[in-house]
Amino acid sequence: GDSVTQMEGPVTLSEEAFLTINCTYTATGYPSLFWYVQYPGEGLQLLLKATKADDKGSNKGFEATYRKETTSFHLEKGSVQVSDSAVYFCALIPSGSARQLTFGSGTQLTVLP
Amino acid sequence: GAVVSQHPSRVICKSGTSVKIECRSLDFQATTMFWYRQFPKQSLMLMATSNEGSKATYEQGVEKDKFLINHASLTLSTLTVTSAHPEDSSFYICSLAGGYNEQFFGPGTRLTVL
(Lines give C-alpha, C1' and ligand atoms only; values in the text may rest on other atoms or scores of the structure.)
Protein backbone atom coordinates (compact mmCIF):
# COMPACT_ATOMS: atom_id res chain seq x y z
CA GLY A 1 0.00 0.00 0.00
CA ASP A 2 0.89 3.65 -0.02
CA SER A 3 3.27 4.91 2.63
CA VAL A 4 5.36 7.89 3.65
CA THR A 5 8.70 7.65 5.40
CA GLN A 6 10.07 10.65 7.21
CA MET A 7 13.38 11.40 8.77
CA GLU A 8 13.18 10.60 12.44
CA GLY A 9 13.51 13.36 14.93
CA PRO A 10 13.80 15.18 17.06
CA VAL A 11 15.80 17.77 15.17
CA THR A 12 17.38 20.59 17.12
CA LEU A 13 18.91 23.56 15.31
CA SER A 14 20.20 26.98 16.18
CA GLU A 15 18.40 30.00 14.81
CA GLU A 16 19.39 30.85 11.21
CA ALA A 17 20.61 27.31 10.54
CA PHE A 18 19.69 25.43 7.36
CA LEU A 19 16.93 22.88 7.69
CA THR A 20 16.32 19.70 5.75
CA ILE A 21 13.70 17.13 6.70
CA ASN A 22 13.76 14.11 4.42
CA CYS A 23 10.60 12.51 3.12
CA THR A 24 10.23 9.62 0.71
CA TYR A 25 7.07 7.92 -0.41
CA THR A 26 5.75 4.74 -1.91
CA ALA A 27 2.72 5.02 -4.14
CA THR A 28 1.56 4.08 -7.59
CA GLY A 29 1.08 6.71 -10.22
CA TYR A 30 1.43 10.36 -9.33
CA PRO A 31 0.23 11.14 -5.83
CA SER A 32 -0.16 14.68 -4.53
CA LEU A 33 2.39 15.49 -1.85
CA PHE A 34 2.04 17.74 1.16
CA TRP A 35 3.87 19.12 4.15
CA TYR A 36 1.79 19.97 7.19
CA VAL A 37 2.93 21.73 10.35
CA GLN A 38 1.52 21.23 13.82
CA TYR A 39 2.26 23.73 16.55
CA PRO A 40 1.96 22.56 20.18
CA GLY A 41 -1.62 21.77 21.17
CA GLU A 42 -3.02 22.67 17.78
CA GLY A 43 -4.33 20.93 14.69
CA LEU A 44 -2.51 20.70 11.40
CA GLN A 45 -1.90 23.52 9.00
CA LEU A 46 -0.99 23.03 5.37
CA LEU A 47 2.51 24.36 4.81
CA LEU A 48 2.98 23.57 1.14
CA LYS A 49 2.04 21.10 -1.54
CA ALA A 50 2.96 19.80 -4.97
CA THR A 51 0.68 17.91 -7.28
CA LYS A 52 2.94 16.78 -10.11
CA ALA A 53 6.51 15.78 -10.76
CA ASP A 54 9.11 18.58 -10.61
CA ASP A 55 6.63 20.96 -8.98
CA LYS A 56 8.11 23.03 -6.18
CA GLY A 57 5.88 23.98 -3.29
CA SER A 58 6.91 26.96 -1.20
CA ASN A 59 5.56 28.95 1.71
CA LYS A 60 7.02 31.04 4.55
CA GLY A 61 10.56 30.37 3.35
CA PHE A 62 10.03 26.60 3.24
CA GLU A 63 10.40 24.70 -0.02
CA ALA A 64 9.98 21.15 -1.24
CA THR A 65 10.35 19.72 -4.73
CA TYR A 66 8.39 16.72 -6.01
CA ARG A 67 11.04 14.30 -7.28
CA LYS A 68 9.45 11.39 -9.08
CA GLU A 69 12.77 9.71 -9.90
CA THR A 70 13.75 9.48 -6.24
CA THR A 71 10.16 9.39 -4.88
CA SER A 72 11.09 12.19 -2.50
CA PHE A 73 9.67 15.47 -1.23
CA HIS A 74 12.29 16.83 1.15
CA LEU A 75 11.46 19.96 3.13
CA GLU A 76 14.07 22.72 3.26
CA LYS A 77 14.45 26.16 4.73
CA GLY A 78 17.52 28.30 4.42
CA SER A 79 17.33 30.06 7.79
CA VAL A 80 15.09 28.75 10.54
CA GLN A 81 13.57 30.84 13.29
CA VAL A 82 12.53 29.99 16.83
CA SER A 83 8.92 30.32 15.70
CA ASP A 84 9.43 27.41 13.29
CA SER A 85 9.60 25.01 16.23
CA ALA A 86 6.81 22.52 15.60
CA VAL A 87 6.11 19.03 14.31
CA TYR A 88 6.27 18.62 10.56
CA PHE A 89 4.34 15.92 8.71
CA CYS A 90 4.90 14.76 5.18
CA ALA A 91 1.77 13.31 3.58
CA LEU A 92 0.35 12.10 0.30
CA ILE A 93 -2.97 11.59 -1.40
CA PRO A 94 -2.82 8.83 -4.00
CA SER A 95 -3.83 9.70 -7.52
CA GLY A 96 -7.51 9.07 -8.08
CA SER A 97 -8.23 8.53 -4.39
CA ALA A 98 -11.08 9.79 -2.28
CA ARG A 99 -8.73 12.45 -0.89
CA GLN A 100 -7.58 10.33 2.05
CA LEU A 101 -4.24 11.50 3.38
CA THR A 102 -1.49 9.11 4.35
CA PHE A 103 0.88 10.70 6.85
CA GLY A 104 4.47 10.15 7.73
CA SER A 105 5.42 9.74 11.37
CA GLY A 106 6.20 13.41 11.89
CA THR A 107 9.45 15.17 12.73
CA GLN A 108 9.77 17.34 15.81
CA LEU A 109 11.83 20.47 15.12
CA THR A 110 13.17 22.64 17.91
CA VAL A 111 14.96 25.86 17.04
CA LEU A 112 17.09 27.40 19.78
CA PRO A 113 17.78 31.13 19.99
CA GLY B 1 -8.87 27.98 2.84
CA ALA B 2 -11.87 26.73 4.76
CA VAL B 3 -12.16 27.40 8.48
CA VAL B 4 -12.87 24.38 10.64
CA SER B 5 -13.73 24.49 14.33
CA GLN B 6 -13.94 21.74 16.91
CA HIS B 7 -15.78 21.72 20.19
CA PRO B 8 -14.80 21.15 22.87
CA SER B 9 -11.08 21.81 22.65
CA ARG B 10 -10.48 19.78 25.79
CA VAL B 11 -12.66 17.35 27.69
CA ILE B 12 -12.09 15.23 30.75
CA CYS B 13 -14.58 12.52 31.54
CA LYS B 14 -15.00 9.51 33.78
CA SER B 15 -14.56 6.02 32.50
CA GLY B 16 -17.82 4.60 31.14
CA THR B 17 -19.34 7.88 30.03
CA SER B 18 -19.87 9.03 26.46
CA VAL B 19 -18.34 12.13 24.92
CA LYS B 20 -19.45 13.98 21.81
CA ILE B 21 -17.01 16.01 19.74
CA GLU B 22 -18.29 18.44 17.14
CA CYS B 23 -16.53 19.42 13.96
CA ARG B 24 -17.94 22.44 12.14
CA SER B 25 -17.13 23.97 8.82
CA LEU B 26 -17.63 27.69 9.23
CA ASP B 27 -17.47 28.82 5.63
CA PHE B 28 -17.53 25.77 3.38
CA GLN B 29 -20.06 23.10 2.58
CA ALA B 30 -18.31 19.83 3.27
CA THR B 31 -19.76 16.68 1.81
CA THR B 32 -16.80 14.72 3.14
CA MET B 33 -15.11 15.02 6.51
CA PHE B 34 -12.41 12.89 8.07
CA TRP B 35 -11.74 11.95 11.67
CA TYR B 36 -8.21 11.27 12.87
CA ARG B 37 -6.72 10.15 16.12
CA GLN B 38 -3.28 11.15 17.29
CA PHE B 39 -1.41 9.61 20.21
CA PRO B 40 1.32 11.63 21.93
CA LYS B 41 4.31 12.20 19.69
CA GLN B 42 2.85 10.05 16.96
CA SER B 43 1.34 10.61 13.58
CA LEU B 44 -2.32 10.96 12.69
CA MET B 45 -4.25 7.79 12.08
CA LEU B 46 -7.37 7.99 9.97
CA MET B 47 -10.33 6.59 11.88
CA ALA B 48 -13.19 7.15 9.47
CA THR B 49 -14.49 9.07 6.53
CA SER B 50 -17.75 10.87 7.16
CA ASN B 51 -20.08 11.52 4.23
CA GLU B 52 -23.01 13.87 4.56
CA GLY B 53 -26.30 12.03 4.60
CA SER B 54 -24.83 8.54 4.60
CA LYS B 55 -23.05 6.15 6.89
CA ALA B 56 -19.43 6.74 7.73
CA THR B 57 -16.71 4.49 6.36
CA TYR B 58 -14.46 3.18 9.12
CA GLU B 59 -10.85 2.15 8.79
CA GLN B 60 -9.82 -1.35 9.66
CA GLY B 61 -9.55 -1.86 13.39
CA VAL B 62 -11.80 1.06 14.34
CA GLU B 63 -14.91 -0.02 16.21
CA LYS B 64 -17.91 1.63 14.60
CA ASP B 65 -20.10 0.98 17.64
CA LYS B 66 -17.61 2.68 19.90
CA PHE B 67 -16.86 5.67 17.72
CA LEU B 68 -20.20 6.87 16.41
CA ILE B 69 -20.01 9.35 13.58
CA ASN B 70 -22.89 11.47 12.38
CA HIS B 71 -22.69 13.85 9.44
CA ALA B 72 -26.21 15.20 9.27
CA SER B 73 -25.44 18.48 7.52
CA LEU B 74 -22.89 19.98 5.17
CA THR B 75 -21.35 21.96 8.02
CA LEU B 76 -21.38 19.58 10.96
CA SER B 77 -19.97 16.18 11.73
CA THR B 78 -19.92 14.68 15.21
CA LEU B 79 -17.83 11.94 16.75
CA THR B 80 -19.21 10.28 19.87
CA VAL B 81 -16.89 8.13 21.93
CA THR B 82 -19.22 5.73 23.71
CA SER B 83 -18.41 4.14 27.06
CA ALA B 84 -15.03 5.81 27.08
CA HIS B 85 -12.06 4.14 28.75
CA PRO B 86 -8.62 5.48 29.62
CA GLU B 87 -7.14 3.92 26.47
CA ASP B 88 -9.44 6.17 24.43
CA SER B 89 -7.57 9.20 25.75
CA SER B 90 -6.09 10.89 22.71
CA PHE B 91 -6.10 13.93 20.48
CA TYR B 92 -8.96 13.77 17.97
CA ILE B 93 -8.72 15.89 14.85
CA CYS B 94 -11.26 16.37 12.09
CA SER B 95 -10.71 17.66 8.62
CA LEU B 96 -12.88 18.47 5.69
CA ALA B 97 -12.23 17.75 2.06
CA GLY B 98 -11.97 20.97 0.13
CA GLY B 99 -11.12 21.51 -3.48
CA TYR B 100 -8.64 19.48 -5.47
CA ASN B 101 -6.83 17.22 -3.02
CA GLU B 102 -7.08 19.71 -0.18
CA GLN B 103 -7.96 19.01 3.40
CA PHE B 104 -8.58 21.63 6.04
CA PHE B 105 -8.00 20.60 9.62
CA GLY B 106 -9.71 21.53 12.83
CA PRO B 107 -7.69 22.53 15.89
CA GLY B 108 -8.25 19.19 17.59
CA THR B 109 -9.92 17.97 20.77
CA ARG B 110 -7.92 16.60 23.66
CA LEU B 111 -9.86 13.81 25.36
CA THR B 112 -8.76 12.55 28.75
CA VAL B 113 -10.63 9.64 30.29
CA LEU B 114 -10.06 9.12 33.99
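The values are calculated or read from the model by the stated rules, or taken from the named source; none is laboratory data. All values derive from a computational prediction rather than experimental measurement. Cβ sites come from the backbone with ideal geometry, for glycine too, and all protein chains shown count toward neighbours. Quick note on the areas: whole protein, heavy atoms, side chains included, nothing else; ligands and nucleic acids left out. Shrake-Rupley method; radii C 1.70, N 1.55, O 1.52, S 1.80 Å.
Taken together, the residues in segment A:3-24 that are touching a strand residue (DSSP E or B) at 6+ places or on another chain (Cβ under 6 Å) and surrounded by 14 or more Cβ atoms within 10 Å (Cβ to Cβ) amount to 11.
Checking the conditions here, which among B:77, B:5, B:83, B:15 is of a type in the set (S, T, N, Q), away from chain A (no Cβ under 14 Å) and in a strand (DSSP E or B)?
On the way: B:5 fails: away from chain A (no Cβ under 14 Å); B:83 fails: in a strand (DSSP E or B); B:15 fails: in a strand (DSSP E or B).
When all the criteria are applied, what remains is B:77.
Here the condition is being over 16 Å from residue B:20 (Cα atoms) and open to solvent by less than 30 Å² (accessible area, probe 1.4 Å); of B:49, B:78, it holds for B:49 alone. If you check B:48, B:56 for being touching a Ser or Thr at 6+ places or on another chain (Cβ under 8 Å), modelled with pLDDT of 90 or more and within 11 Å of chain A (Cβ to nearest Cβ), only one passes: B:48. For segment A:45-72, a residue qualifies if it is part of a loop (DSSP other than H, G, I, E, B), more than 14 Å from chain B (Cβ to nearest Cβ) and either on the phi < 0 side of the Ramachandran plot or basic (Lys, Arg) (or both), and the qualifying residues are A:53, A:60, A:68, A:69, A:70. With the requirement that a residue be among the small types (Gly, Ala, Ser) and more than 14 Å from chain A (Cβ to nearest Cβ), what does segment B:86-114 give you? Of everything in segment B:86-114, just one residue is among the small types (Gly, Ala, Ser) and more than 14 Å from chain A (Cβ to nearest Cβ), namely B:89. Just so you know, in segment B:54-69 the residues that are closer than 17 Å to residue B:97 by Cβ and of a type in the set (S, T, N, Q) include one that is surrounded by the most Cβ atoms within 10 Å (Cβ to Cβ), and it is B:57. In segment A:77-113, how many are within 11 Å of chain B (Cβ to nearest Cβ) and either over 24 Å from residue B:37 (Cα atoms) or in a loop (DSSP other than H, G, I, E, B) (or both)? Residues meeting the conditions: 11.
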